[in-house]
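The values are calculated or read from the model by the stated rules, or taken from the named source; none is laboratory data. As the structure is a prediction and not an experimental result, all values here were calculated from the model. Every residue, glycine as well, gets a Cβ built from its backbone with ideal geometry; the counts of neighbours run over all protein chains shown. When the accessible area is computed, the model is the full protein with side chains, heavy atoms only, and any ligands, DNA or RNA have been set aside. Shrake-Rupley method; radii C 1.70, N 1.55, O 1.52, S 1.80 Å.
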Amino acid sequence: QKEVEQDPGPLSVPEGAIVSLNCTYSNSAFQYFMWYRQYSRKGPELLMYTYSSGNKEDGRFTAQVDKSSKYISLFIRDSQPSDSATYLCAMSGYLGAGSYQLTFGKGTKLSVIP
Amino acid sequence: DTAVSQTPKYLVTQMGNDKSIKCEQNLGHDTMYWYKQDSKKFLKIMFSYNNKELIINETVPNRFSPKSPDKAHLNLHINSLELGDSAVYFCASRSGGGQGFTYNSPLHFGNGTRLTVT
């Protein structure tokens, strides 16, 4: 089992739809959870982050973490064509002996159709 | 006024050649990284580096070597290029030393160098 699993899509939705993107993970040491957005031909940029379990909202975006289920989600409300990008989850944690790890999911490609 | 800039943007070369990719960050960050993103968009760390410590992902072939002339630059030199090296290589940086990745020191990525080995 890979440490971080993410459905690569592609996912196509009509403009205005609610989008749900998800990742599962296996390493219980992960404590910081991030979502990066990557537009075509660009580098990833940090979109949202959460620490441990709970929800965080920023405008049309909501990040959720359920550590008991090892499951994280990113919701996009009122999706716009400008949201069309690849969304990568990423997570990090202290593994002991001075060792940290930042692991990315494979990314989900989202297209929002006008 | 790009924060993390890489050159070249595209690189096409033949098997067996040696090439370098350059990276510069003007964010004053302490730690820089090289990531490889394959055709399936999987982003994997290759190196992390600050003034004190170079950490190498054990899966990276020793044909790849990072070189840092100063804190703001981290170049990637690749010897004897192979077809499987074709990918997008991203430079990234963040503030703070050590390896801890937290929300208050997120990674800032460049726009990538698209390497094609023929």
(request) Could you size up the charge dipole of chain B around its Cα centre, putting +1 on the beta carbon of Lys and Arg and -1 on that of Asp and Glu, and report it in debye to the nearest 20? (result) 200 debye
(request) Would you please calculate the Kirkwood hydrodynamic radius of chain B over all C-alpha pairs and express it in Å, rounded to one decimal? (result) 14.3 Å
(message) Straight-line reach only, C-alpha to C-alpha below 18 angstrom: list the lysines that A:LYS56 could link to, leaving out same-chain residues fewer than 8 apart.
(response) A:LYS67, A:LYS70
(request) Output the relative contact order of chain B, whole-number percent, from Cα pairs under 8 angstrom with separation of 6+ residues. (result) 38 percent
(request) May I ask you to derive the relative contact order of chain A, considering only C-alpha pairs under 8 Å and at least 6 residues apart, and to give it as an integer percent? (result) 36 percent
(message) Using only protein heavy atoms and a 1.4 Å probe, how much accessible area in total is buried between A and B, to the nearest 100 Å²?
(response) 1900 Å²
(message) With the alpha-carbon atoms as the only input, what is the per residue convex hull volume for the protein assembly as shown in Å³?
(response) 131 Å³
(message) For segment A:1-49, which trypsin sites (Lys or Arg not before Pro) pass both filters: DSSP loop (anything but H, G, I, E, B) and at most 13 other C-beta atoms within 10 Å?
(response) A:LYS2, A:ARG41
(request) Could you point to the residue in B:PHE109, B:LEU74, B:PHE64 farthest towards the positive end of the protein assembly as shown's charge dipole, with +1 and -1 charges on the Cβ of Lys/Arg and Asp/Glu respectively? (result) B:PHE64
(message) Restricted to Cα positions, what overall size does segment A:20-80 have along the principal axes? Three whole-Å values, descending.
(response) 32, 24, 16
(request) Find the Rg to Rh ratio for chain A, where Rh is the Kirkwood radius over alpha-carbon pairs and Rg uses the same atoms. (result) 0.98
(request) For chain A, report the accessible area per residue in Å² (1.4 Å probe, heavy atoms, rounded to an integer). (result) 47 Å²
(request) Note down the magnitude of the dipole of segment A:1-92 about its Cα centre, charges +1 on Lys and Arg C-beta and -1 on Asp and Glu C-beta and zero elsewhere, to the nearest 20 debye. (result) 180 debye
(request) Please get the size of the charge dipole for the protein assembly as shown, origin at its Cα centre, with Cβ charges of +1 on Lys and Arg and -1 on Asp and Glu, quoted in debye to the nearest 20. (result) 260 debye
